[in-house]
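Everything below concerns the one structure shown next.
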Amino acid sequence: MKDISVIIPAYNVEKFLTHCLDSILASGPESMEVLLINDGSTDKTAEICFQYAKRDSRIILSNQNNSGAVAARNRGLDMACGTYVLFVDADDYVSSDYVHALYKTALATSADIVLCNLHRVRQGNIIETTNYPAKTLKLVAERLSLVKETYYPGPYAKMIHRKLLEDNAIRFLVEEGYFGFAEDMLFALHTTYTAQKIVFCPDAIYSYSMDNNNSICSNPLVQQRNNKDRLIIIRHMLDFALQKELHGEALLYVLQAVENHLYWGGISTLQIFMSDLHERNYPEIITMHFQKFAEEWSKHSSMQAKIKEKIKKNLQHYPFLYKTISTIYSRLKN
């Protein structure tokens, strides 16, 4: 039995993996195992994994055919022996006391989940930071308030008691027709609802890198498939909310998390979702919530279009100024 299992899926991350592994190994105890899942990489990732596994006995290397992050994380969970589990993406890195600090907090508080803040970084520069509340969350609504936050649903930047996952058979979604996008939303909903106690650790920082252009999330060719996956995850989230008979603020937070996914998916995803919403006969409280959401979206989009057209008409004789304002508008919108 190990104290901590760190699960790291790795696919074509030769530029980032060394930094990631060095930061993890330096931040954790000898009683930690690092489960490094090489997901069929075609660059030098496999070689780097092999060299680190030879160098440090805490690293356990597992190779699989390219199957995606969902399969890699689930494989890591099946292999894990630690009392606590944490996930790290191979292009990210952590603060010098990251694992120690999370584990110390988990032991001191008997928490099911320990959160820490996250830095969003590009080329070493911090461009955004989360600011989670430094308090213990025990009530269902308090816990579920986290799932609507932009970065919380990611499996990273938190330590989870493995017993929570095993006792409730929690894994990342695997089903026919689902390719593994947005898997973190459903996983976060399951774990956050099931946890009895969530605490915040101020002494650990997870650095989320924006530098990996090879990430599947940045590939426009897969957006259509990703949006199909979004809808699958949304359906599971709503079904979960109904199964657990969520109501009041707890239900509202789940619906707001769904709204986030609809925003990210765009108008085409919303249109498919609204059609699906009526076909599946969801309760009126859910149907009415999203009808209002769709109306507000339509109104907002129409207003944006009118403002842009008015600016264009008034500035048609000032092409340079029009181009400048259009550029600013596009950046604000995106």
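Only one of the numbered conditions (1) at pLDDT 95 or above; (2) farther than 16 Å from Asp92 by Cα; (3) out of contact with any Gly (no Cβ under 9 Å at 6 or more places or on another chain) is violated by Arg162, and that is (3). Only one entry in Ala157, Ala111 is under 14 Å from the mean Cα position of the chain (by Cα), crowded, with 20+ Cβ neighbours inside 10 Å, closer than 20 Å to Asp3 by Cα and modelled with pLDDT of 95 or more, namely Ala157.
If only one of Arg162, Arg120, Arg143, Arg75 is of a type in the set (D, E, K, R), crowded, with 16+ Cβ neighbours inside 10 Å, in the same structural domain as Ser27 (by the TED database) and more than 22 Å from Ile8 (Cα to Cα), which one is it?
Every option except Arg143 fails the conditions.
Restricting the first member to segment 55-79 and to residues that are without any contact (Cβ under 8 Å) to a residue 40 or more places away in the chain, and the second to residues that are charged (D, E, K, R) and exposed (fewer than 14 other Cβ atoms within 10 Å of the Cβ), the beta-carbon pairs closer than 8 Å and six or more apart or on different chains are Arg58/Glu30.
The rows are residues; the columns are (1) within 15 Å of Pro155 (Cβ to Cβ); (2) among the acidic types (Asp, Glu).
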residue	(1), (2)
Asp3	no, yes
Gly28	no, no
Leu35	yes, no
Ala46	no, no
Ala71	yes, no
Ala90	yes, no
Val94	yes, no
Ala101	no, no
Ala108	no, no
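Selection of first residues in segment 104-129 that are more than 19 Å from Arg143 (Cα to Cα) and of second residues that are part of a loop (DSSP other than H, G, I, E, B), restricted to Cβ pairs under 7 Å at least 6 apart or on distinct chains, gives the following pairs, ordered by first then second residue: Arg120/Met210; Val121/Met210; Arg122/Met210; Arg122/Asp211; Gln123/Asp211.
Pick from segment 121-154 the residues that are assigned to a loop (DSSP other than H, G, I, E, B) and basic (Lys, Arg): which of them is modelled with the highest pLDDT? It comes out as Lys138. Picking from residues in segment 130-139 that are touching a residue at least 40 places away in the same chain (Cβ under 8 Å) and buried (at least 18 other Cβ atoms within 10 Å of the Cβ), the one that is farthest from Ser23 (Cα to Cα) is Leu137. Taken over segment 69-110, the criterion of being in a helix (DSSP H, G or I) and touching a Leu at 6+ places or on another chain (Cβ under 6 Å) is satisfied by Gly76, Met79. Residue check: is Phe273 aromatic (Phe, Trp, Tyr), modelled with pLDDT of 90 or more, more than 27 Å from Leu139 (Cβ to Cβ) and out of contact with any strand residue (DSSP E or B) (no Cβ under 6 Å at 6 or more places or on another chain)? In short, yes. Taking the stated definitions as given, is Lys148 outside the structural domain of Ile234 (by the TED database) and more than 12 Å from the chain's Cα centre (by Cα)? Taking the combined requirement at face value, the residue does not satisfy it.
When Phe172, Phe240 are checked against the criterion of being at pLDDT 95 or above, within 14 Å of the chain's Cα centre (by Cα) and surrounded by 14 or more Cβ atoms within 10 Å (Cβ to Cβ), a single residue qualifies: Phe172. Across segment 95-108, the qualifying residues are those that are hydroxyl-bearing (Ser, Thr, Tyr) and surrounded by 20 or more Cβ atoms within 10 Å (Cβ to Cβ), and the one among them that is nearest to Tyr208 (Cα to Cα) is Tyr98.
Taken over segment 219-256, the criterion of being among the basic types (Lys, Arg) and not in a helix (DSSP H, G or I) is satisfied by Lys244 alone. The C-beta contact set for segment 13-42 (first residue surrounded by 15 or more Cβ atoms within 10 Å (Cβ to Cβ), second residue assigned to a helix (DSSP H, G or I) and polar (S, T, N, Q), distance under 9 angstrom, 6+ apart or interchain) comprises Val13/Thr45; Glu14/Thr45; Leu17/Thr45; Asn38/Thr45; Asp39/Thr45.
Here Val6 meets the list (1) under 27 Å from His119 (Cβ atoms); (2) in contact with a Ser or Thr (Cβ under 9 Å, 6 or more places away or on another chain); (3) not aromatic (Phe, Trp, Tyr) almost entirely, failing just condition (2). Going by the structure shown, is Ile234 surrounded by 21 or more Cβ atoms within 10 Å (Cβ to Cβ), at pLDDT 90 or above and in contact with a Ser or Thr (Cβ under 8 Å, 6 or more places away or on another chain)? Considered against the rule, which asks whether it is surrounded by 21 or more Cβ atoms within 10 Å (Cβ to Cβ), at pLDDT 90 or above and in contact with a Ser or Thr (Cβ under 8 Å, 6 or more places away or on another chain), Ile234 comes out as no.
The values are calculated or read from the model by the stated rules, or taken from the named source; none is laboratory data. All values reported here derive from a predicted model rather than from experimental measurement. Note that each Cβ is placed from the backbone with ideal geometry, even for glycine, and that neighbours are counted across all protein chains shown.
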